[in-house]
Amino acid sequence: MNIGTAAKRSGVPAKTIRYYESVGLIQAAGRRENGYRDYGDQDVETLRFIHRARSLGFSVKEVADLLALWQDRNRASADVRRMAERHVAEVDARIEELRSLRGTLTRLIDQCHGDERPDCPILETLSTGRDCHSSRGSADGHS
């Protein structure tokens, strides 16, 4: 099948398939006589696997590692579990960062009058890097 059909069947855009080939996440497809890429059912299944892993937030490097484990029938499930546990820890850290960011933004919004006056604590914080009305110190949580 050509790249358009593989894209449709896998849910991965053709441009992304080309990218995955360029970074070595998947092997470059064979070429037909007319120069078009030629994909098989196994390629589509691999692309679906990648698509699902990426939708869970795994990086391209992590997906490569997951693919290697998926293709290795002698793997230990403990290896896969460790990867997933590491990823959950990273997701938790990002959630905390986002909560902190949200808190800072909410405080700044609360401090902004939102009227015709020119003074604005949001712009002041962006300008100076300090949230002078917060007990936390700077807007990014660093004192």
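The values are calculated or read from the model by the stated rules, or taken from the named source; none is laboratory data. What you are looking at is a predicted structure, and each value in this text was computed from that prediction instead of being measured. Backbone-built Cβ (ideal geometry, glycine too); neighbour counts: all protein chains shown.
Every residue, every condition in (1) under 22 Å from Ala84 (Cβ atoms); (2) modelled with pLDDT under 95, yes or no:
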{"position": "Met1", "(1), (2)": "no, yes"}
{"position": "Lys8", "(1), (2)": "no, no"}
{"position": "Tyr19", "(1), (2)": "no, no"}
{"position": "Gly24", "(1), (2)": "no, yes"}
{"position": "Gly35", "(1), (2)": "no, yes"}
{"position": "Ile50", "(1), (2)": "yes, no"}
{"position": "Phe58", "(1), (2)": "yes, no"}
{"position": "Glu62", "(1), (2)": "yes, no"}
{"position": "Trp70", "(1), (2)": "yes, no"}
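Flag not set for Ala53, criterion: touching a residue at least 40 places away in the same chain (Cβ under 8 Å), surrounded by 12 or more Cβ atoms within 10 Å (Cβ to Cβ) and in a helix (DSSP H, G or I). In this entry, Ala28 passes the filter for residues that are assigned to a loop (DSSP other than H, G, I, E, B) and over 17 Å from Phe58 (Cβ atoms).
How many residues does segment 7-25 hold that are among the aliphatic types (A, V, I, L, M) and under 23 Å from Leu69 (Cα atoms)?
At the first step, the residues of segment 7-25 found to be among the aliphatic types (A, V, I, L, M) are 7, 12, 14, 17, 23, 25.
Within this subset, residues satisfying the condition of being under 23 Å from Leu69 (Cα atoms) are 12, 17, 23, 25.
The qualifying residues number 4.
Among the residues of segment 1-15, those that are touching a helix residue (DSSP H, G or I) at 6+ places or on another chain (Cβ under 8 Å), of a type outside the set (Lys, Arg) and not in a loop (DSSP other than H, G, I, E, B) comprise Ile3, Gly4, Ala6, Ala7, Ser10, Ala14. On inspection, Val63 qualifies as part of a helix (DSSP H, G or I) and closer than 26 Å to Pro13 by Cα. Among the residues of segment 19-33, the one identified as touching a Lys or Arg at 6+ places or on another chain (Cβ under 7 Å) and surrounded by fewer than 11 Cβ atoms within 10 Å (Cβ to Cβ) is Arg31. In segment 80-94, the residues that are on the phi < 0 side of the Ramachandran plot reach residues that are modelled with pLDDT of 95 or more and assigned to a helix (DSSP H, G or I) with C-beta atoms within less than 7 angstrom, at least six apart or across chains, in these pairs: Val80/Leu69; Met83/Glu62; Met83/Asp65; Met83/Leu66; His87/Glu62.
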